[in-house]
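Read-outs: derived from the displayed coordinates by stated rules, not from any lab. Quantities reported herein were computed from a predicted structural model and do not represent experimental measurements. Cβ: placed from backbone, ideal geometry, glycine included. Neighbour counts: every protein chain shown.
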Amino acid sequence: MSRWVFSKARRLFAARDGLALPLQGGHLAFALARLIEDGADRGILPVQAIPDSWRDLLPALTRRPPPFAEIEPAEPGRPLVMGIVNVTPDSFSDGGETAGAAAAIARGHAMLAAGADILDIGGESTRPGADPVAPEEEIRRILPVVRDLARAAPVSVDTRHAATMAAALEAGAEIVNDVAALRHDGAAPQVVRDAAAPVVLMHMPGTNPRGMQAEARYADVVLEVARFLRDRVATLERLGIPRSRIAIDPGIGFGKTMQHNLALLERLPILAGLGCHLLVGLSRKRFLGRIAGIPEAGARMVPSVAGAVFAASRGAGILRVHDVAETVQALAAWRAAATGAAADLLTV
């Protein structure tokens, strides 16, 4: 039987008088919940009216997961900020500005100075239609960058290939970030398990970004993404990778239309019920350009920061971004307002 409890609240404050429950143990909270059983909607209830038979599902939604990869943010309580370092000649976001190792290393150090908590290093473009890159070439591109930046901060390797994962982890990377959720390469789960590495599992139709947009068909994109990630987490647990080492990513822009992306952002708390850290990466993506009327990817900083703050307000614990300084500043302002409002509510 498939059963879910999803938070359903538009204004989230700290819990008071039993009228709200915390969202993953943070300062956000929810007063209403939607119950779904085997795909059937059982309705929206106040949290205090959730039936006893459903309450075993609440701990994953309300308890704070342990720090992802044992990383604490520079500012306590805010989401982790993951800076994107593309070592590719065909990146959609920067046109290959950091395709060389020296430029990528310089970009990574600048992101750390701006407040990034993690650096995510990739050597294969995952934009729609991008040509695949052989692991040997991917390793050649990223290894000097990983070796340098891993001495300064936690590093994540953005790859679908087990050989690249293994080489990057040996070179100092700590985290694997796989857009294919460890499905593209049959050896990938063993590499992650044997290294005891934290891993990010992303939703994407199929395992190759090249044709993913042709697969953007869903009856309910949010429930289908949630089921996919739930099943991947369960599969990897059976393979020896504990839930505590797994973060999940709804895959904004990966095999989704603009309407799908917006639905996932609006209903993001659904994914909190899996009990994993939630990563959102929407930085500079095409749907933001369509909304804001900005065709150039590199000019989409403002809508990217707005989207990141919105994702944080819906429970995202890790934000994957290009514009680190601006995101860190916006999060500081948002958290000051959000925590201040919660304190005011508690003292009324």
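Brief remarks on what is shown
- Modelled this way, with points 7 Å down the Cα-to-C-beta line, the labels at A106 and Q48 are 6.0 nm from one another.
- Which of M301, M258, M82 has the fewest Cβ neighbours within 10 Å, and the rest in rising order: M258, M301, M82
- Neighbour-count ranking [beta-carbon atoms within 10 angstrom, fewest first] of T327, T257: T257, T327
- Between the listed residues G25, G108, L58, the Cα displaced farthest toward the positive end of the dipole of the chain, a dipole computed from Cβ unit charges relative to the Cα centre, is found at L58.
- Which of F310, F228 has the fewest Cβ neighbours within 10 Å, and the rest in rising order: F310, F228
- Selection from A272, P242, P295, by position along the positive dipole direction of region 168-319 (Cβ): P295
- Hz values of 3J(HN,Hα) by residue in region 57-63 - Karplus curve (6.51, -1.76, 1.60), Gly and Pro given as x: 8, 6, x, 5, 7, 10, 8
- Highest to lowest packing among 51-60, 185-194, scored as the average C-beta count within 10 Å: 185-194, 51-60
- Note on the chain: with charges restricted to the Cβ of Lys and Arg (+1) and Asp and Glu (-1), its dipole about the Cα centre is near 860 debye.
- For the chain, share of DSSP beta bridges that run antiparallel, in % to the nearest 5: 30
- Note, ³J(HN,Hα) from phi for region 24-34, Karplus 6.51, -1.76, 1.60, rounded to Hz, x at Gly and Pro: 6, x, x, 7, 7, 8, 9, 9, 10, 9, 9
- Residue with peak Gaussian network fluctuation, the chain [Cα springs, cutoff 10 Å], from E138, E174, E296: E296
- Highest to lowest packing among 36-44, 143-151, scored as the average C-beta count within 10 Å: 143-151, 36-44
- Between region 111-133 and region 232-283, the Cα center-to-center distance that results, in Å: 18
- Each peptide among 218-225, 329-336 gets the average number of other Cβ atoms lying within 10 Å of its residues, and from highest to lowest they stand as 218-225, 329-336.
- Size of the chain: Rg and Dmax of its alpha carbons, in Å, are 19.4, 61.
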